[in-house]
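Have a look at the structure below before the remarks.
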Amino acid sequence: MHEDSHGDVDGFVIVTTLNAPPVYDPGGLSSLIDDFAVSSPDRWETAGAALLDEATAWARARGAVQVVVASGPHDGPKRAALQAAGLVVASEWFTAPLES
């Protein structure tokens, strides 16, 4: 959780460590961030960056050697913040509802 200068929560991140799928093979544990949000798009550069730093430090302390962050293609500010932090797109998933 991240708080702004007024003490209001302006973002959160949930990170877990797990064995990496063979496709990644980073040589150790992977850390997965799939719940990561800030209160407004302009907060990615500040709150988002701080949360990512904290989450990766937490994961590194637990033996993770890689971070994987879920982000949709429609989330430009989040993707820009991730790229600014040195992350690169590794894959995108395509989905469709299954009709019965």
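General observations
For (1) buried (at least 17 other Cβ atoms within 10 Å of the Cβ); (2) of a type in the set (Asp, Glu); (3) in contact with a helix residue (DSSP H, G or I) (Cβ under 6 Å, 6 or more places away or on another chain), each residue gets a yes or a no:
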| residue | (1), (2), (3) |
| --- | --- |
| Tyr24 | no, no, no |
| Asp35 | no, yes, no |
| Trp58 | no, no, no |
| Pro73 | no, no, no |
| Ala85 | no, no, yes |
| Trp93 | no, no, no |
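- Of all residues in segment 1-40, those that are in contact with a Phe, Trp or Tyr (Cβ under 8 Å, 6 or more places away or on another chain) and modelled with pLDDT under 80 total 2.
- Total residues in segment 84-100, condition over 16 Å from Asp34 (Cα atoms), in a loop (DSSP other than H, G, I, E, B) and within 16 Å of the chain's Cα centre (by Cα): 2
- Total residues in segment 63-100 satisfying the condition of being over 23 Å from Ala50 (Cβ atoms) and either modelled with pLDDT of 95 or more or among the hydroxyl-bearing types (Ser, Thr, Tyr) (or both): the figure is 3.
- Pairs linking a residue in segment 82-100 that is under 15 Å from Gly72 (Cβ atoms) to a residue that is in a loop (DSSP other than H, G, I, E, B) and not acidic (Asp, Glu), with Cβ atoms under 8 Å and 6 or more positions apart or on different chains, are Leu82/Ser71; Ala90/Tyr24; Glu92/Pro73.
- Every pair of residues 6+ apart whose Cβ atoms lie under 6 Å, when the first sits in segment 52-76 and is without any contact (Cβ under 8 Å) to a residue 40 or more places away in the chain and closer than 30 Å to Thr95 by Cα while the second is in a helix (DSSP H, G or I) and of a type in the set (D, E, K, R): Ser71/Lys78; Ser71/Arg79
- Filtered residues of segment 55-83 (kept if out of contact with any strand residue (DSSP E or B) (no Cβ under 7 Å at 6 or more places or on another chain) and in a helix (DSSP H, G or I)): Ala57, Arg60, Ala61, Gly76, Pro77, Lys78, Arg79, Ala80, Ala81, Gln83
The values are calculated or read from the model by the stated rules, or taken from the named source; none is laboratory data. It should be emphasised that the depicted structure is a prediction, and the values quoted were computed from it without experimental measurement. With ideal geometry, Cβ positions are generated from the backbone for all residues, glycine too; neighbour counts draw on all protein chains shown.
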